[in-house]
Amino acid sequence: MDNGQPLPEKLHDTVLRGTASAPGIAYGPAFIYNPADLILSDDVIKQTDIREEQARVDSAIRVVELEIRKIEQLSKETDLDDLSAAILEFQRSILKDPDLIGSINQNIRSEFMPADRAVYQAFRYYIDRLKAIPNAYFRERIPDIRDIRDRMIRSIQRKQLLIKIDDESIVVCRDLSPGDIILFARKKVKAIVSEQGGLTSHASIIANSMGIPFVIGVDGLLGNVEADDIVVVHGTDGYVVLNPSQERISEINLQIEAEKIVESARQQIAEEPAKTACGREFIIQANVELESELDRVQLYRAEGIGLLRTEAYFLDSDEHESSSNGHAERDQRTFLERAASVCGEHNLTVRLYDVGGDKLPNYAKEEANPFLGWRGIRILLDKPALMKSQLELIFSSVGTHSCKLSVMVPMITDANEVKQSRKIFEEVLADYPNLAGKVKFGIMIEVPSAALLADKLAPLVDFFSIGTNDLTQYTLAADRTNRHVQKLYNQMHPSVWRLISQTCDAAHQFNIPVSVCGELAGKPVAAALLIGLGVDRLSMSASAIPAVKEFLNKHTFEALSQAAFKISEATTLEEVDSVLSTFLGT
Amino acid sequence: MVKNKVTVTNPEGIHARPASILVKVAAGFKSDFFIHSHGYQINGKSILGVLTLAAECGAELELELSGEDEVEAMEAIMTLFKNNFSQNGS
C-alpha cells in the first residue's frame, strides 16, 4: 500500500518506506541475516567422514527440491507467471545435474572437502565460465544459479544457523530466498524485512501462507540497523520504524491489538463447529507437507489432518546407503510423531509415497510422460519392500498416539491394485496387535477410471479421498503448467463434478466417507458446493479454514445441493460461471 | 556413435527453458550425450554445462550420442532443435 505519502516521524524515530509483501505488524530486536557472507568450513575431512558429508549433500538436495516444489504448489494457488515457472524448472534441473553432483562428490571423496565447500567449489566452475560470456542474456541466470548454490549450502549449515536465531527476532536482510522463509517460520520469527524487492515474489507467497509480516524493498535498511536494535515491521502498510519512540510503540501496540481482534474473529470462526446454515455438520481437516505447517493445524482448529504428504522423506529400501537412509528415516519418524500429536483425538490420514520413477536411483531413464507413467501405487506394488517399510514406519511412529490413523494409497486405477495394496497393508498391520482393527485403509480417487469404478472399489476400502488436482488434469487431458491449455484446466468443469458426484454416491451406497483434499477444497465457494455434492470431509491448507467455514455457515445444504447439481448439469464453463453468479447473488 | 550438426534457430538461443527441456529429453535416454562447439565439449545431460555453451540463435553445434538407444535419442533431440524447443512440438 505505497501511497507515496511520507509517514510522520516521531521523536528519535526513523521511518523507512518499503512495499507491503505479507500483512501483519510486529516489533522486536533485529537479527541481521546476511546470506551474502556465507562462511564455508575450511577444515579437511577424514576418510571416515566421506559418507556422512555425501549424505549431507543428498539431504540438502532433497530439502531444496522440496522447497521448490512447495513454492510451485503455493504459486499455483496464486497464479504463477510464465517466467517464474521457467526459472523454477531451471533450478530444479540444476539439482539433477549429473556433472555438478559428480563434481561435488569428487570434491568430497578426493579433495576431502567438507560438504559446504565441496558444493561451493563445484558451482564455482560453472559460474566463472558464465561470467566470461559476452551475451548478457546468459549471464542473467547467474543469480538463479547462485541462489540454488546458497540454498544448498545453507541447508547443509542450517543446524548452526538455527541456534543463532531468537524466537522473538525481527529478521533484517538484504535479500531472502523462499527456503529462508520456511526456515524462519520454523523458528517462529516475528517478522521479516528485506532491503531488496525484486526477486522475492516467491518468498512473499510463502510468508503470506505462514502468516509472517513481511516488508520488502526498504532502501538503506542495512546501513541503518545494528543487531538487536528494536525494529517495527508494518507488513500491512509496508514500512518499518527503527528505534521507535515510546509514543510510536503505544500506537503500534494499538494497531497490533486491532489486528489481533480481526485474527481472533477468524479463529473464532474456526472454533465454531463446521456446519451449514441448516445445521448439517461435516469435517474440515488440514493438508500438511512441511513440519512448519503443523502448528497451524491446531491454531485453525482443523479436525485432524486429511492429507499428510510424505514424499519429502522418501527413502528407497533398495538403497543400502545406510547413513543417508538413517537420516531420512529419523526425519520421517519425527514428522509422523509430531503430526500424530497435533491431531489429538482426531484423524490423521497419511498418504503413502506418491513419487514418480525419477526418484528411484536405479531408474535413470526419464519418462516421456511421467503423469501417465510409473508413479504412485504402481511403484509401490512393483517394490513391495518399499511399501512395507513405509507402513512399518507409520505404524510404529503413530501407533502409540491417541489419534485415529488412516493410510491411503495414491494413483489407484482399478480393483486389482486395491486388493494387492490392501493385502500388503493387512500383512504389515498384523505385526502390530495393538493396532488391530484400528487403522483405516483408503484410496485416492484421482484417476478417472477409479471414479468410474467407484461402486466396485467402495466395498474394498474404508474411505475415499478425491484428489481434484490430478482428477481434473486426467479428465480434461490438460496440463495446467502448459499455458496453451491452461484455460481448459478448470477444477469446476462439469465432467469433473460428475465424477465427484458419482464417487460420493458409490461411497454412500456402501457407507464409507468421502473427502476432498485438492485445491478445490480450500476455495470457499467450491468447498461449499462440494458439500452440496455429497462430500463428507474437506481437507485444505489450514489458513483457508476460517473463510470456508464462514461461507458454509451462511448457506443451507439444500441451496448448496441445488447449485452443485446445476454445475454437474452444465455443458460449458460459461454456464458454470452463470450458475455460480446466480448462486452468489442470492 | 552418431553425430549430427545443428543450428540453433529459436530467437532466444539455448536459454534457461530450452536448456531445461533439452537435458530432460536427453536424460530419458541411456546413451551418453555430448555437445561440441568451437572445440569446447560439454555433457548434454548437464543443465549447467548446456548453459555455458551460451548458444545463441544461429550458433552451430555438433551433437554426439553413443549408446544402445543413440539413434532414437538423436532423432528426439534433432526434433527438439527443429521445433525450437517448443514443448508441444512432439
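The numbers here are math on the coordinates, done by the rules we state, and not lab data. Source: prediction; values computed, not measured. Quick reminder, even Gly has a Cβ in these numbers, built from the backbone with ideal geometry, and neighbours come from all protein chains shown.
Both radii are taken from the alpha-carbon atoms of the protein assembly as shown; with Rh as the Kirkwood radius, Rg/Rh is 0.97.
Please give the residues of segment A:20-35, grouped as numeric ranges, whose backbone N is less than 20 Å from a label point set 7 Å along the Cα-to-Cβ vector of A:Ile261. In segment A:20-35, the label zone of A:Ile261 (backbone N under 20 Å from the point 7 Å along Cα→Cβ) covers A:23-27.
The equivalent ellipsoid of segment B:2-82 has semi-axes of 18, 13, 12 Å, largest first, where each one is the square root of 5 times an eigenvalue of the Cα gyration tensor. Distant-in-sequence amide contacts of B:Gly28, defined by a placed amide H-H separation under 5 Å and a gap of 5 or more residues or a different chain, comprise A:Glu366. Per residue, the protein assembly as shown reaches -15000 deg cm²/dmol at 222 nm when only DSSP H runs of four or more residues are counted, each adding -39500 (n - 2.57). Each label was represented as a point 7 Å from its Cα along the Cα-to-Cβ direction; for A:Gln486 and A:Arg109 these points are 4.3 nm apart.
For GluC sites (Glu not before Pro), the sites in segment B:11-90 that DSSP calls loop and that have at most 11 other Cβ atoms within 10 Å are B:Glu68.
Over the C-alpha trace of segment A:268-585, radius of gyration and Dmax come out as 19.4, 61 angstrom. Using a cut-off of 12 Å between beta-carbons, work out the net charge of the residues near A:Leu307 (Lys and Arg +1, Asp and Glu -1, A:Leu307 not included). Combined, the nearby Lys, Arg, Asp and Glu give -3. Cysteine residues of chain A whose C-beta has no other cysteine C-beta under 4.7 angstrom: A:Cys173, A:Cys278, A:Cys504, A:Cys517.
Of interest is the spacing of the C-alpha centroids, which for segment A:291-316 and segment B:38-77 amounts to 42 Å. Of A:Lys70/A:Lys487; A:Lys46/B:Lys45; A:Lys188/A:Lys260; A:Lys388/A:Lys440, which pairs sit farther than 20 Å apart, going by alpha carbon to alpha carbon? Over 20 Å Cα-Cα: A:Lys70/A:Lys487; A:Lys46/B:Lys45. Let me make sure I get this right: for segment A:387-532, a, b and c are the square roots of the gyration tensor eigenvalues over alpha carbons, sorted descending. Under 1.5 in a/c it's rounded, otherwise prolate if a/b > b/c, else oblate. Which is it? It is prolate, given that a/c is not under 1.5 and a/b is the larger ratio.
Cβ under 12 Å from B:Ala55's Cβ, B:Ala55 left aside: what net charge do those residues give with Lys, Arg +1 and Asp, Glu -1?
Numbers: positive: none; negative: B:Glu12, B:Glu56, B:Glu60, B:Glu62.
In short, -4.
Charged neighbours of A:Val576, selected by a Cβ distance under 11 Å, balance to -3 (K, R count +1; D, E count -1).
For the segment A:87-98, counting C-beta atoms of other chains within 10 Å of every residue's C-beta and taking the mean gives 6.
Evaluated with a Cβ-only charge set (Lys, Arg +1; Asp, Glu -1), segment B:15-90 carries a dipole of roughly 400 debye about its Cα centre, given to the nearest 20.
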